[in-house]
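A short worksheet on the structure shown next.
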Amino acid sequence: MKETYIIGIDIGGTAIKFALIEVDGKINHKWEIPTERKDKGSYIPEQIAKSVKEKLAELHITEQQILGIGAGAPGYVDVQNGVVYEAINLGWKDFHLKQRLEEFLNMDAYILNDANLAALGEHWTGAGRDSDQLIAVTLGTGVGGGIIVNGEVINGVNGTGGEIGHITATPHEGPKCNCGRQGCIETYASATGITRQALHVIERDQNTTLKEVYKTKGKLSSKDVFEQAANGDQAAQSIIDYTADVMGKMLADLAVSINPSKIIIAGGVSQAGEQLLQPVRKSFHSYALKRVADVCQIVQAQLVNDAGVVGAAYYVKQRKSV
């Protein structure tokens, strides 16, 4: 029987997303389940297998029709052996995900970092589908990323390739990052980093409508910053301008390494659209080598929440064709 489908899986701290994807990249069916994190996430592979088996039975699809399984994990991955070195929010340490999945399912499994898979997804059917050299940056609670060169995602020697969030934006100063260092781009350009900047503005007692938002809601979000800037608040706009400036410099430094045709901005913060992209582009062009900037577009991601599962399926397709 012809192998018609690939299963893409995106394992998150609260939910596991699945998609049954046709070999040309079209999503046939998708679903999700809550992540079972008890006992340091040891039940997750069994949970995934159970859900896959149930769904294939429901859709009347056999294992022989599946080319393979691709799974993304939020951590550092040994791609050769399918071992997740560490995924803190799942409780995994040297976790043999590939082996466990293949024990429960009679299918080949391929494992990669979730941000790298999101980059592959955008490369296959999203905003980077016409680009074999691209950088994808995911601006969420943290800052993730993926770098694609000659159509292949860079993973690195021990799984830290493409960890864009830990490029230093402000040497020896700035907020402490979760990685233990200081001044990482993640501490500025993530949703958390933008919110932190807004709270500092309020603490400094600057004249800003963000104060009223904070009093009313009892909290602030990065979305509030963009909304108040759109309403003309200068303090909120200055946060966006500063964030875009450090991002633009970081991307200019990174772009000179691979000379990409696309830089894709993804994640929740990217929903601000041109309000964020325009100042990032301006900053990028001011810092970048002209020859690099002339051929590089900075665009918003297209696949949104599907990027991880699509990229997981594409990773299977790539590995199976090698």
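The values are calculated or read from the model by the stated rules, or taken from the named source; none is laboratory data. All values reported here derive from a predicted model rather than from experimental measurement. In this analysis, Cβ positions are derived from the backbone assuming ideal geometry, glycine residues included, and neighbour counts consider all displayed protein chains. Quick note on the areas: whole protein, heavy atoms, side chains included, nothing else; ligands and nucleic acids left out. Shrake-Rupley method; radii C 1.70, N 1.55, O 1.52, S 1.80 Å.
Residues T125, T62: which one is touching a residue at least 60 places away in the same chain (Cβ under 8 Å), over 24 Å from E152 (Cα atoms) and among the β-branched types (V, I, T)?
Result of the check over T125, T62: T62.
Please specify each residue of segment 201-226 satisfying the condition of being open to solvent by 100 Å² or more (accessible area, probe 1.4 Å) and either polar (S, T, N, Q) or in contact with a Phe, Trp or Tyr (Cβ under 7 Å, 6 or more places away or on another chain) (or both).
Within segment 201-226, N207, T216 meet the criteria.
Please go through segment 294-303 and pick out each residue that is in contact with a strand residue (DSSP E or B) (Cβ under 8 Å, 6 or more places away or on another chain) and free of Cβ contacts under 8 Å to residues at least 40 places away in the same chain.
Residue satisfying the conditions is Q297 alone.
Could you run through segment 88-100 and say how many residues are open to solvent by less than 20 Å² (accessible area, probe 1.4 Å) and in contact (Cβ under 8 Å) with a residue 60 or more places away in the chain?
So the answer is 1.
I need a count of the residues in segment 223-265 that are within 21 Å of V292 (Cβ to Cβ) and not in a helix (DSSP H, G or I).
7
Could you pull out the residue among E122, E152, E103 that is of a type outside the set (G, A, S), under 18 Å from the mean Cα position of the chain (by Cα) and open to solvent by 50 Å² or more (accessible area, probe 1.4 Å)? Let's see the steps before the verdict.
Details: E122 fails: open to solvent by 50 Å² or more (accessible area, probe 1.4 Å); E103 fails: under 18 Å from the mean Cα position of the chain (by Cα).
Exactly one residue qualifies, and that residue is E152.
Out of V309, V280, I need the residue that is open to solvent by less than 10 Å² (accessible area, probe 1.4 Å), more than 23 Å from C184 (Cα to Cα) and either in a helix (DSSP H, G or I) or touching a residue at least 40 places away in the same chain (Cβ under 8 Å) (or both). Which one?
Among V309, V280, only V309 is open to solvent by less than 10 Å² (accessible area, probe 1.4 Å), more than 23 Å from C184 (Cα to Cα) and either in a helix (DSSP H, G or I) or touching a residue at least 40 places away in the same chain (Cβ under 8 Å) (or both).
So that you can scan it fast, the table gives a plain yes or no per residue for (1) farther than 27 Å from A136 by Cβ; (2) part of a strand (DSSP E or B):
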| position | (1), (2) |
| --- | --- |
| A71 | no, yes |
| F95 | no, yes |
| N106 | yes, no |
| L112 | no, yes |
| A119 | no, no |
